[in-house]
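The values are calculated or read from the model by the stated rules, or taken from the named source; none is laboratory data. Here the structure is a predicted model, which is why all the values come from computation and not from measurement. Please note: Cβ atoms are built from the backbone with ideal geometry, for glycine as well, and neighbour counts cover all protein chains shown. To get the accessible areas, we keep the full protein, side chains included, count just its heavy atoms, and leave off ligands, DNA and RNA. Shrake-Rupley method; radii C 1.70, N 1.55, O 1.52, S 1.80 Å.
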Amino acid sequence: MEQGLRRHDRAGRKRGRGEIELLRKSENKRMKILIAVEDKQFAEAITAFMCGNRNWNDKVEFRVMHVVEPLYIGAISGYPHDVLTSFIEERQRAGRSLVLSVGTELRQHYPSAEIQEDVVDGHAKQVLIETAKTWPADLIVVGSHGRSGLSQFLLGSVSMSVLSAAPCSVMVVKLPAETTSQDAKTKEATLAK
């Protein structure tokens, strides 16, 4: 028999395996939700979804995380070290601002929840999967731009990678259509320059 699991409920009724695990989770531990935020658009969409569409119980723990991706050699060649250092520090400051704003909003909606904010350096796909395993998370919440085809292939998809490799359930919050189309137009204009 697995440690901590009961074969009978408090009234003495026999329970199945799934029901036993639900009893254990609901009685003995907080539900752990890992929330990944990439940028302000993701932070706003995920926060609105988590606070507006869900009613998490008192036994919930949120871990809000932003991953600062490494700079790629082609993108950084030719820049002085102090410029690169300043750029990395700015990305970390922006990440801290994001996770703090999401954490603040969650605290307002779920005052009894435990909330942790993290900014981590690394590759988002790997960091999120590893954090979900070691923390351990019961649910990962990520955002999606809703890209498909070649743009998804070229840019990679953190949400798809997390979805396929996660050790727990994953909830994907899609950005509103107007945000996604506006983001695409901005990137096209930048590439055209």
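Some notes on this structure:
- Single residue of segment 27-48 satisfying the filter (over 11 Å from the mean Cα position of the chain (by Cα) and more than 19 Å from S97 (Cβ to Cβ)) that is most open to solvent (accessible area, probe 1.4 Å): N28
- Inside segment 94-124, residues that are over 16 Å from I35 (Cβ atoms) and either among the aliphatic types (A, V, I, L, M) or touching a strand residue (DSSP E or B) at 6+ places or on another chain (Cβ under 9 Å) (or both) make up a count of 5.
- Within segment 89-133, the residues that satisfy the criterion of being open to solvent by 80 Å² or more (accessible area, probe 1.4 Å) and in a strand (DSSP E or B) are E114, D121.
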